[in-house]
Amino acid sequence: MLLALSASLAAQGGYRMPPADVAALVDAPAAPGTSFSPDGRTLLLSAVPGVPTIADLSAPEHRLAGYRINPATWGPSRAGYSTGLTLVDVATGRERAVSGLPSEPRIRNLSWSPDGSHIAFTHQSANGQELWVLEVASARARHRAGVRVHDVWGSGALNWMPDNRTLLVRSVPAGVGAEPVRNTVPTGPVIQETEAEASPAPTYQDLLADAHDEALFDHYFTAQYVMVPLNGRVVAVGPKGVHAGADPSPDGRFILVRTLLKPWSYNLPAGRFAETTTVWNRDGRQVAVIAEHPVRERIPLAPNSTFPGRRSIQWRADAPAQLFWVEALDGGDARTSADLRDRAYLLEAPFTAAPTRWFATATRFAGIQWGRGDLALVSETWRATRTLKTWRVAPASPAQAPALLVERNYEDSYNNPGSPLTTATPDGGRVLRTWGDSETLVLSGMGAGPEGNRPFLRSWNLGTGETTEIWRSAAPYFETPALLADAGTVVIRRESPTEPPNLVVKSLNGGTDRALTAFPHPTPQFRDIRAEFITYTRADGVGLSAQLLLPAGWDSTKGTLPVMIWAYPREFGSADAAGQVSDSPYRFNAISYWGPHFLVTQGYAVLNNAAMPIVAVQQGAEPNDTFVDQLRLNAEAAIGELVRRGVSDGRRLAVGGHSYGAFMTANLLAHTDLFQAGIARSGAYNRSLTPFGFQAEPRDLWEATDTYIEMSPFFHAHKINEPMLMIHGMADNNTGTFPMQSERMFQAMRGKGGKTRLVMLPHESHGYRARESLMHMLWEQLDWLNTYVK
């Protein structure tokens, strides 16, 4: 007993460092963020700092109703930020560093004014979120005093009014006091009671747990909207409340406001609390109640289910002040039989008349893109058939029948025609981008095909359905459109296996390309590492693909290599869709610390993003009915291809993955003897702890008990006879992957005599961020593989 205890304690010892060349990956510079002005004339570059430290992650934090906030700053506790800004003129490439910034900028919430003349943003200071405004013409920023921005939601705090001179800001209420103090002496038990009605819900985390949490939620989530002119007095608008969002109407006369209502739920995150949607005038006086929803706790699990009542409430982007919404005609329950699922409505200001009935959809409404009075595009979808339909409708003529434009299988990437581009309106909205004439739109797509993705721009005539290619990515580059500046110019994001992504101004009329950015290679010392996009086939004929990474200078004459196969399973409705190629051989070979790439610097071969499709084997079946068997087929095919290429000897093999990839790893170790070791990060291993669905599984535990048990490696822990390293963030808040999953799996394997190691990273969530945590993760993974595989 004493010997066992000593061995356990010997495993403790603080954070470790990987070899220097691996550590360099964590410290490599990150490319700046990019954002174009609404008119496309100016590019904003935002500097990205290095990874945070464990001290940063140790800052005070409240976890309330699914949100994590920093009580000192009234903002999110784990959000990224920028440390500098640069403006680039798209026409000339001239760069201007922004002056006037605070001494140690922590910039978030960048928001262009509709005309592109200003950029609003927040700066996280020690006392909260400050409001700053950047004047583009002078490239100078200034602090707009008198406002403490309320940013606990993490977004939506800053809204430009259509006049380009005023901001609608969600602010911390004036005179707010200290946060409530927890009473250390309980005043009674915490009680919850059902109403004998089914209320299925995923395993959410960071929920409210008691009366003190409720008081904290009231304190930190209550906000006051204010109008902030660029120059002039700040004016409060409307009453205080737990306001979750506000959206000015295109003409600026009204504000659509979403406010949460008590009682707060202990079972659901804030996004499903009771709420009301109202319209205020510009002065904050309520002029209409548009929707009132109770707590949304009875949404069925079935895919395409939703809640009853008005939803997707929004302004019509091409009209001054007209509201749009949809309502479920089937009660929101996708399991019920119904000829029509959703009905759309329109309501014009002053919002006192009866709503106008508009189109109805046979399946579930999935979105709308506005164009003009005779043109909007509506999408509807249905998971059971993997069907997506796109209709043309006329918002100015609601009686006009919709016209079907596209009907396709949304899993079929090869036949995806692309998505319509939009363009900015003078008031800050987005409408469909036309090309040449009013009946022709512009489509942007990934251009998937057997040879890999080749992104494109196409014109699409709505009357004839004819498409004409405007531009397409071509070898030896992988290019994606970033901005369609005008009829003759497109800004593309270009990369190649040895060149990192950069923006290039490209003439569509045959002119010379011009570089707009010149971001350097982040890890030039690894430029010679080989990356190859490979395809192969599993035993039942399903096509598979992966990225194969090989050490610099290696070829098959030098002998086989130890191999890491890293993957993440995906579900498909058909083998045809599962077998489609979804990557490009011309992507930049980024050697990342996050995935398995770093291993190639240490003498390993890496099969990254190895396809692990799980396919429904027959009509009406669910993919997960044969999950384990298909994992085995996928793994066998990958190993067979590596052996055929002379990369692997078929023995020195490891498998690994993050999240659902960790779940896959444990299953492969439990049900096959193909691998010598595994690495499982932030996984869930016992599906009885996620009884109301996981990933794309539409059934609950009681409907598919055998499937849940068979898929759960926890119930097969006694079969795992290969070493498995588990790493998990102690503050993981991802639905279903709470830290207990790894703790219980460790106990099961230890109890049954398995070889395992559990590494719990303090303050880390589902993805790990602190420099110390990342370095230690890399050390653990390399040490594990060197010990049991290499």
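So for 625, 583, what's the accessible-area order with a 1.4 Å probe, most first? Please list the in-between numbers first.
Details: 625 75, 583 45 Å².
Per-residue accessible area, sorted high to low, gives 625, 583.
Rounded to the nearest 5, what % of DSSP beta bridges with both residues in the chain are antiparallel? Display every interim value, and only then the final one.
Working: 149 of 176 bridges.
Restricted to the chain, the bridges split so that about 85 percent are antiparallel.
Can you give the FRET efficiency to the nearest 0.05 for residue 20 and residue 354, using r as the Cβ-Cβ distance and R₀ = 51 Å?
The computed FRET efficiency comes out at 0.10.
What value, in deg cm²/dmol to 500, does the helix sum -39500 (n - 2.57) over DSSP H runs of n ≥ 4 give at 222 nm once divided by the residues of the chain?
Numbers: 10 runs with 103 residues, N = 790.
Calculated at 222 nm, the ellipticity per residue is -4000 deg cm²/dmol.
Measure of size requested: the Rg and Dmax of the stretch 661-735, with Cα atoms as the atom set and Å as the unit; please supply both.
Computed over the Cα atoms of the stretch 661-735, radius of gyration and Dmax are 12.7, 35 Å.
Over the alpha carbons of the chain, what is the largest minus smallest coordinate on each principal axis, giving the biggest first in Å?
Over the chain, Cα extents along the principal axes are 76, 73, 61 Å.
I want to verify the translational diffusion coefficient of the stretch 246-363 in µm²/s; compute it with Stokes-Einstein, Rh as the Kirkwood radius over Cα pairs, at 37 °C and 0.692 mPa s. Working shown, then result.
On the way: Rh = 15.4 Å.
D = 214 µm²/s.
Rg and Dmax of the stretch 631-790, using alpha carbons, in Å: what are they?
For the stretch 631-790, the Cα-based Rg and Dmax read 15.7, 47 Å.
What GluC sites (Glu not before Pro) does the stretch 691-790 have in DSSP loop regions with at most 16 other beta carbons within 10 Å?
Working: sites: 703, 710, 743, 764, 772, 780; in loops: 703, 764.
Here the sparse-neighbourhood loop sites are 703.
In whole angstrom, note down how far apart the Cα centers of the stretch 762-779 and the stretch 576-612 are.
Result: 21 Å between the Cα centres.
Run the accessible area of the chain with a 1.4 Å probe and give the carbon-and-sulfur part as a rounded percent. Spell out each step's value before the answer.
Working: 16690 of 33230 Å².
With neighbouring chains kept in place, the figure for the chain is 50 percent.
Compute the semi-axes of the equivalent ellipsoid of the stretch 126-275, taking the square root of 5 times each eigenvalue of the Cα gyration tensor, and list them largest first in whole Å. Before the final figure, lay out the partial values.
Numbers: eigenvalues 249, 71, 33 Å².
Its equivalent ellipsoid spans semi-axes of 35, 19, 13 Å.
Along the Cα-to-Cβ line of residue 140, 7 Å from the Cα, sits a label point; which residues in the stretch 105-122 have backbone N less than 18 Å from it?
117-121
Under a crude label model (7 Å from the Cα following the beta-carbon direction), how far is residue 552 from residue 783 in nanometres?
So the label points at residue 552 and residue 783 sit 2.8 nm apart.
On a C-alpha basis, how far is the centre of the stretch 387-445 from the centre of the stretch 473-497 in Å? Whole number, if you could?
Centre-to-centre distance over Cα atoms comes out at 22 Å.
If a paramagnetic tag sat 7 Å from the Cα of residue 438 along the Cα-Cβ line, which residues of the stretch 365-389 would have the backbone N under 17 Å from that point?
Output list for this probe position: 370-377.
Normalise the Cα radius of gyration of the stretch 328-460 by 2.2 N^0.38 Å (N = residues in it) and let me know the number.
1.18
Quickly work out the residue 527-to-residue 165 label distance, labels modelled 7 Å from Cα along the C-beta direction, and quote it in nm with one decimal.
Simple spin-label model gives 5.3 nm for this pair.
How many angstrom separate the Cα center of the stretch 622-700 from the Cα center of the stretch 207-270?
Measuring centre to centre over Cα atoms gives 44 Å.
At a Cα cut-off below 29 Å, give the lysines reachable from residue 755, other chains included and same-chain residues fewer than 8 away excluded.
Straight-line reach from residue 755, under 29 Å: 719, 790.
To the nearest 10 square angstrom, what accessible area does residue 594 show with a 1.4 Å probe?
Accessible area of residue 594: about 80 Å².
How would the stretch 256-323 be classified by its alpha-carbon gyration tensor: rounded, prolate or oblate, with rounded meaning a/c under 1.5 and the a/b versus b/c comparison settling the rest? List each step's numbers first, then the result.
Numbers: a/c = 3.17, a/b = 1.55, b/c = 2.05.
Verdict is oblate for the stretch 256-323.
With every protein chain kept in the model, how would you rank 143, 671 by accessible area, 1.4 Å probe, largest at the top?
Working: 143 80, 671 35 Å².
Most to least solvent-accessible, the answer reads 143, 671.
Starting from the Cα of residue 262, draw a straight line to each of the lysines and keep only those under 21 Å, dropping any in the same chain fewer than 8 residues away.
240
Heavy atoms of the protein only, probe of 1.4 Å, neighbouring chains included. What is the accessible area of residue 735 in Å², nearest 10?
Solvent-accessible area, nearest 10 Å²: 70 Å².
Once ligands and nucleic acids are excluded and a 1.4 Å probe is used, how much of residue 763 is accessible, expressed in Å² to the nearest 10?
About 80 Å², ignoring ligands and nucleic acids.
Using only the heavy atoms of the protein chains and a 1.4 Å probe, how would 103, 82 rank by accessible area, largest first? Before the final figure, lay out the partial values.
Details: 103 120, 82 15 Å².
Ranking 103, 82 by accessible area, largest first, yields 103, 82.
Could you check the simple spin-label distance between residue 53 and residue 212, using points 7 Å along Cα→Cβ, in nm with one decimal?
A separation of 3.0 nm, rounded to one decimal place.
In whole Å, largest first, what are the principal axis extents of the Cα atoms in the stretch 55-172?
For the stretch 55-172, the Cα spread along each principal axis is 46, 32, 24 Å.
Full-extension gain between residue 461 and residue 261, please, as 0.36 nm times their residue separation minus the C-alpha to C-alpha distance. Mind dumping the intermediate values first?
Numbers: separation 200, 0.36 × 200 = 72.00 nm, distance 4.64 nm.
Once the chain is fully extended between residue 461 and residue 261, it gains 67.4 nm.
The values are calculated or read from the model by the stated rules, or taken from the named source; none is laboratory data. The structure presented is a predicted model; accordingly, all values stated were derived computationally and were not measured. A quick note on method: Cβ atoms are made from the backbone with ideal geometry, for glycine too, and the neighbour counts reach across all protein chains shown. Side chains are part of the model used for accessible areas, which takes the heavy atoms of the whole protein and leaves out ligands, DNA and RNA. Shrake-Rupley method; radii C 1.70, N 1.55, O 1.52, S 1.80 Å.
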